[in-house]
Amino acid sequence: MNDWIQYAAQIKPSDRQAALQEMEFYAFIHFTVNTFTDKEWGDGTEDPAIFNPTQFDARQWVESCRDAGMKGLILTCKHHDGFCLWPSQFTEHSVKSSPWKHGEGDIVREVADACRQGGIKFGIYLSPWDRHEPSYGDSQRYNTYFINQLRELLTNYGDIFCVWFDGACGEGPNGKRQEYDWDAYYSVIRKLQPNAVISVCGPDIRWCGNEAGYCRESEWSVVPESLRSSERVQEKSQQTDDREFSRRYDSQDRDLGSREIISKEQKLVWYPAEVNTSIRPGWFYHADEDDKVRSLDELLHIYYGSVGGNATFLLNLPPDQRGLIHENDRARLKELGETLRNTFRTNLAEGAAAVASETRQGYGVQHILDGKRDTFWSPEEGTEQALIEVDLLDEKIINHIVLKENPYSQRIERFELEYLENGEWKLLYHGTVIGYKRICRFEDLKSRYIRLKINESRWCPTLSAFEVYRG
Ligand code: FUL
């Protein structure tokens, strides 16, 4: 048991995974011919002549992201319709055949530059499914085409923080189903952009399992290795007898990483979740959704569930036919950013005092209050339960507590927060995973003393931050 739990506790993120988790909140941008046809999926027969955003302004997109507090942007450089937002030399089906800037423009370039100027990171979505490209279905030929396009995007546009793959797959004009060469795609990405994460149909970041913004209560970062390959849609469909393998998991399963699940597994991996959803019902812009922009409450709910629940939050913003983020979405993003900035402006635990039931040499409890991400508290190895009491030095009105584990392992499995009122400890919050970050939200309360009870953890818990706020 001990060996096994130690193994689980020692699974670590790669540097690129840790860097993505630090970004917390970033944008998806869906923009292509669909913006002009009012569709969600194009079929590849769209005439490039329809692509003509009259007031396209990538800086306005970046400003909207920054207003909301987002740290990056992932652009649909090519969606399922095959139209390329950059002048690829491997097809004519791109901006170069459109009237926009007389065919001389490059949306990818302008967005990548605006991101860099605005201080946010730039990432790409490139759909493997391509309903325009004639070689699609002729597997080897299309894989070469796709890799050529990946190379263009990964070499000509500076640093890329993420390559986002969706697994949609179909038949080509030859009536054959395309077989994607994922390993070849991954090795090109690793070679050309070693710091980029490969998300969803990729080994680094896991899809949360839905597109509605629903977040799991327990979102584990350490999960069975078989989950990673089950994202590769083709492999899954070719799988005939699951019993020959250790059970294959699906990103939609409710529990992916509790002790019960991982104890049956030979091999575990660090594979954290990303919650992706749109600010409107559709991924692309539709004028009749102008009054269907998600409310501030909904967005906050998803933010707390994802960023506050050990996942990242990828929120889609669809630019309109002008090539701008619509006024309604912009206003909402500003509101969201202001609310979050106001809530987390002042950490009321700064200067507080803390005591722990047990401390290991070099991992003192003061580290949970020092504002440093890489220092942390921990008890002796093998101690799976612990108690930390925090004294705010004065009675304070509070409604948020932010907890963070050491970002290089996932240990805590069950915890409770309590506050002292009239000499009695009262339950304030209970949860499972803390991981990268757990934001505990609750009704206003007034207290000077708060305590964290760690009831279950793997091998020994760690805690890097204990922050207190009044939003
Ligand atoms: C899906 C696609 O089919 C949607 O159009 C959208 O791009 C979403 C993010 O992924 O699988």
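Numbers below:
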quantity	calculated
Options 37, 149, 25, ranked by Cα towards positive dipole end of segment 23-155, top entry (Cβ charges)	25
Other-chain or far-sequence residues with amide H under 5 Å of residue 429's (modelled H)	417
Ranking by accessible area, most exposed first, for 12, 437 with a 1.4 Å probe	12, 437
At most 11 other Cβ within 10 Å, DSSP loop - chymotrypsin sites (Phe, Trp or Tyr not before Pro), segment 244-290	245
Cut-off under 5 Å, modelled amide H: who pairs with residue 122 long-range	73, 161
Carbon and sulfur %, accessible surface of the chain computed with the full protein complex present, 1.4 Å	45
Calculated FRET value between residue 148 and residue 430, using beta carbons and R₀ = 45 Å, to 0.05	0.30
Degrees, to the nearest 10: 182-192 long Cα axis against longest axis of the chain	80
Shape of segment 9-146, Cα gyration tensor, a/c cut at 1.5	oblate
Distance (nanometres) between label positions extended 7 Å along Cα→Cβ at residue 253 and residue 168	2.7
Rounded to 10°, Cα long-axis angle of helix 327-343 versus longest principal axis of the chain	20
Inter-site label distance for residue 399 and residue 449 at 7 Å from Cα along Cβ, in nm	2.6
Alpha-carbon centroids, segment 323-389 and segment 160-205: separation in whole Å	35
DSSP bridge pairs, the chain: antiparallel proportion in percent, nearest 5	60
Gap separating the Cα centres of segment 34-108 and segment 407-424, nearest whole Å	47
Spacing of the two label points (7 Å from each Cα toward its C-beta) at residue 331 and residue 183, in nm	5.4
Cross-link reach list, lysines versus residue 292, counting only Cα pairs under 22 Å and skipping chain neighbours closer than eight places	39, 334
Cross-link partners of residue 372 among aspartates and glutamates (Cα-Cα below 15 Å; sequence separation of 8 or more within a chain)	22, 350, 405, 467
Accessible area in the full protein assembly, largest first, 1.4 Å probe, for 51, 90	90, 51
Helix axis angle, 139-156 relative to the chain longest principal axis, alpha carbon, degrees	70
Which of 382, 353, 434, positive extreme of dipole for segment 353-469 (C-beta unit charges)	434
Computed magnitude of the charge dipole of segment 353-469 (debye, nearest 20; Cβ of K, R +1, Cβ of D, E -1)	360
Percentage relative contact order, the chain, counting C-alpha pairs under 8 Å, at least six apart	16
Residues of segment 353-469: accessible area per residue with a 1.4 Å probe, Å²	41
Förster-model FRET efficiency, 22 Å R0, residue 191 and residue 89, C-beta, rounded to 0.05	0.65
Integer Hz, Karplus 6.51/-1.76/1.60 couplings in order for segment 206-219, x for Gly and Pro	9, 5, 6, x, 7, 10, 9, x, 7, 10, 6, 5, 10, 10
Estimated FRET transfer efficiency (residue 10, residue 117; beta-carbon r; R0 41 Å; 0.05)	0.50
For segment 31-102, size of Cβ-based charge dipole, Lys and Arg +1, Asp and Glu -1, in debye	360
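The values are calculated or read from the model by the stated rules, or taken from the named source; none is laboratory data. Being a predicted model, the structure only gives us computed values, none of them experimental. Neighbour counts run over all protein chains shown; Cβ positions are idealised from the backbone, glycine included. What goes into the accessible areas is simple: the full protein's heavy atoms, side chains included, and nothing from ligands, DNA or RNA. Shrake-Rupley method; radii C 1.70, N 1.55, O 1.52, S 1.80 Å.
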